[in-house]
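In what follows, a structure is listed as structure tokens, so that the remarks can point back to it.
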Amino acid sequence: TSKSQNYVIGFTIDYETGKEDSEGKNEIVSFTQYQGVNVSNPEADKKEEEEEEKRTVPKIIIKEYEANPIIVKAGEEFDLSMTFLNTSAQNVKNIKVILTVEEGTDKKGSVFTPVNSSNTFYIDSIPSKGEVSKQIRMYTVPDASPKNYIINVKFEYEDMENNPIEDLESVGINVKQITKLDTSEFMIDEFATVWQPIYLNFELYNTGKV
């Protein structure tokens, strides 16, 4: 069961000099010398590595994500694609992914709502160093303020020994509000004189959301 490493062995030698010490006894001299011995045991090393891997909590991260379109317009739908990576040396299983938004609006709650699905989806398993990609279509409420919103991605999963694990990642989504500027009808003075300036009257209306 010895693991591969250098082991130090100490040699201690005691001998009599033939003289008497201060107490009238035979004088004894002692000294110790050390020698290193290299031991190689690949099987024990492999077992130790496997036990260490079991003690390490497996972690899932978001390797990459993409919103299509990149800048989301309020009141429109977009596709959110995410790739999940199992960074550990062991498999993970029974993975539940839950999406939640930190901020909402006063009128309609969450800024993003899933289209024809829920905000939770299930992954059977991800092998060691493996990847799984998922896509969800979402709708942005019309009164969302133009800024970057954080979507929390919560993972609930198990290792191969059925130990429950939870973790949290996040992604950012940029929201742009629709801008629109309208004008009223133009009003011109009833009489105009050649080569003389006239007044053109009209009003501007901001009918957009910003």
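Residues in the range 100-109 that are modelled with pLDDT of 80 or more and either open to solvent by 50 Å² or more (accessible area, probe 1.4 Å) or farther than 20 Å from Ser170 by Cα (or both): 1 in all.
State all residues of the range 111-134 that are in contact (Cβ under 8 Å) with a residue 24 or more places away in the chain and more than 17 Å from Ile60 (Cβ to Cβ); if no residue qualifies, say none.
Restricting attention to the range 111-134, the residues satisfying the condition of being in contact (Cβ under 8 Å) with a residue 24 or more places away in the chain are 111-115, 120-134.
Result: Val111, Phe112, Thr113, Pro114, Val115.
Each residue in the range 182-204 was checked for being among the acidic types (Asp, Glu) and over 57 Å from the mean Cα position of the chain (by Cα), and 2 of them qualify.
In the range 46-73, the residue that is most open to solvent (accessible area, probe 1.4 Å) out of those that are under 22 Å from the mean Cα position of the chain (by Cα) and modelled with pLDDT under 75 is Arg55. Close Cβ contacts (under 6 Å, 6 or more residues apart or on different chains) running from residues in the range 61-79 that are without any contact (Cβ under 8 Å) to a residue 60 or more places away in the chain to residues that are open to solvent by 80 Å² or more (accessible area, probe 1.4 Å) and not small (Gly, Ala, Ser) comprise Asp79/Asn68; Asp79/Gln135; Asp79/Arg137. If you take the residues in the range 122-170 that are among the polar types (S, T, N, Q) and more than 21 Å from the chain's Cα centre (by Cα), which one is surrounded by the most Cβ atoms within 10 Å (Cβ to Cβ)? Among those that are among the polar types (S, T, N, Q) and more than 21 Å from the chain's Cα centre (by Cα), it is Thr140. Every listed requirement among (1) on the phi < 0 side of the Ramachandran plot; (2) out of contact with any Lys or Arg (no Cβ under 9 Å at 6 or more places or on another chain); (3) free of Cβ contacts under 8 Å to residues at least 60 places away in the same chain is met by Met138 save one, (3).
The values are calculated or read from the model by the stated rules, or taken from the named source; none is laboratory data. For clarity, every value in this text was computed on a predicted model and none was experimentally measured. For neighbour counting, all protein chains shown are included, and Cβ atoms are generated from backbone atoms with ideal geometry for every residue, glycine included. All accessible areas refer to the heavy atoms of the entire protein, side chains included, with ligands and DNA or RNA removed. Shrake-Rupley method; radii C 1.70, N 1.55, O 1.52, S 1.80 Å.
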